[in-house]
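The structure under discussion appears below in the form of structure tokens.
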Amino acid sequence: MASWVPDILGKPFAQRTLQLGEDADGPLVATLVRSLPSGLLRMLGPLADVDVLYVHGWSDYFFQRELARFWNRLGARFYALDLRRYGRSLRPGQAPGYITSLSDYDADISAALDARAGHARVAGGVDVGCPALVLLSRHSTSPMQWSDQITSTDSVLVVDDIARTATRIGNAVTVARIDGAIHDVFLSAPAPRDAAFSALERWLVGPGIALP
């Protein structure tokens with residue numbers, strides 16, 4: 001397995017290439033990016049000895065420094081995965097993001113977990129086996145025609161459907177709907193982004209607890 005090397009985001013980020021075999025277009029790889037907490041936080045932070053794995057959505061890759069800093073500040077080790085044919089994992093001659101089955105990403109995620117089991121069908125109900133937080137916008141907007149609402153709503157998915165489906169992924173699910181958030185809530189405007197981080201913080205460590 002490849003070693004950790006400096007990442008394009010600069011310190012403290014590093015990346016490791018995960019070999020996934022080959023297909024007709026050549027080698028397949030995923031890329032794991034990490035940011036580790038510093039100093040006493042890795043031992044005394046409220047999330048010390050916790051690993052976080054961030055997996056991006058369609059037509060995307062990891063670049064959110066602020067999100068990594070949030071988890072590191074709590075003492076967690078932060079990892080992000082660029083899936084095959086995305087971002088750092090895109091190789092010459094490959095069609096960006098091309099995939100024939102979402103289950104192919106199981107290998108990418110398994111490789112990421114081995115380096116430090118992917119897409120689940122939830123219509124019939126699954127249990128993720130642990131408490132879950134679902135962060136999403138309060139409203140959806142159709143992307144078919146531009147409007148100012150696109151900058152403050154989810155223009156990719158129907159958030160009401162997500163909220164209903166979220167109750168089927170386990171026995172301890174918290175749904176937090178953020179007013180003014182877009183599809184990726186942590187790329188929203190400052191006010192809803194701050195609200196999303198606050199909701200995540202409350203869910204992780206509880207209300208009224210002072211954080212570093």
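The values are calculated or read from the model by the stated rules, or taken from the named source; none is laboratory data. Everything numeric in this text was worked out from a predicted model, so none of it was measured. Backbone-built Cβ (ideal geometry, glycine too); neighbour counts: all protein chains shown.
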(request) Could you list all residues from the range 140-186 that are among the basic types (Lys, Arg) and either surrounded by 13 or more Cβ atoms within 10 Å (Cβ to Cβ) or part of a loop (DSSP other than H, G, I, E, B) (or both)? (result) 168, 177
(request) Working carefully through the options 93, 87, find the one that is at positive phi, touching a strand residue (DSSP E or B) at 6+ places or on another chain (Cβ under 9 Å) and surrounded by 19 or more Cβ atoms within 10 Å (Cβ to Cβ). (result) 87
(request) Check off (1) touching a strand residue (DSSP E or B) at 6+ places or on another chain (Cβ under 6 Å); (2) of a type in the set (Phe, Trp, Tyr); (3) surrounded by fewer than 13 Cβ atoms within 10 Å (Cβ to Cβ) for residue 58 and give me the number that stays unchecked. (result) (1)
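In the list 88, 42, 69, which residue meets the criterion of being over 19 Å from the mean Cα position of the chain (by Cα), assigned to a helix (DSSP H, G or I), under 27 Å from residue 135 (Cα atoms) and of a type outside the set (Gly, Ala, Ser)? Don't jump to the end; show me each part of the working.
Working: 88 fails: over 19 Å from the mean Cα position of the chain (by Cα); 69 fails: over 19 Å from the mean Cα position of the chain (by Cα).
Answer to the check: 42.
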(message) Can you tell me which of (1) more than 29 Å from residue 190 (Cβ to Cβ); (2) more than 15 Å from the chain's Cα centre (by Cα) is the one residue 30 doesn't meet?
(response) (2)
(request) Return only the number of the condition from (1) over 21 Å from residue 2 (Cα atoms); (2) surrounded by 14 or more Cβ atoms within 10 Å (Cβ to Cβ) that residue 111 does not satisfy. (result) (1)
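So that you can scan it fast, the table gives a plain yes or no per residue for (1) under 20 Å from residue 70 (Cα atoms); (2) in contact with a Ser or Thr (Cβ under 9 Å, 6 or more places away or on another chain); (3) assigned by TED's automatic domain parsing to the domain that holds residue 59:
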| residue | (1), (2), (3) |
| --- | --- |
| 133 | yes, yes, no |
| 149 | no, yes, no |
| 174 | yes, no, no |
| 187 | yes, no, no |
(request) Could you look through the range 130-173, keep only residues that are out of contact with any Lys or Arg (no Cβ under 9 Å at 6 or more places or on another chain) and basic (Lys, Arg), and pick out the one that is modelled with the highest pLDDT? (result) 164
(request) Might you let me know whether the range 6-24 holds any residue that is assigned to a strand (DSSP E or B) and among the aromatic types (Phe, Trp, Tyr)? (result) no
(message) Whether any residue in the range 51-62 is of a type in the set (A, V, I, L, M) and assigned to a helix (DSSP H, G or I) is what I want to check.
(response) no
(message) Condition check: among the basic types (Lys, Arg), outside the structural domain of residue 198 (by TED's automatic domain parsing), modelled with pLDDT under 95 and out of contact with any Pro (no Cβ under 9 Å at 6 or more places or on another chain). Does residue 73 satisfy that?
(response) no
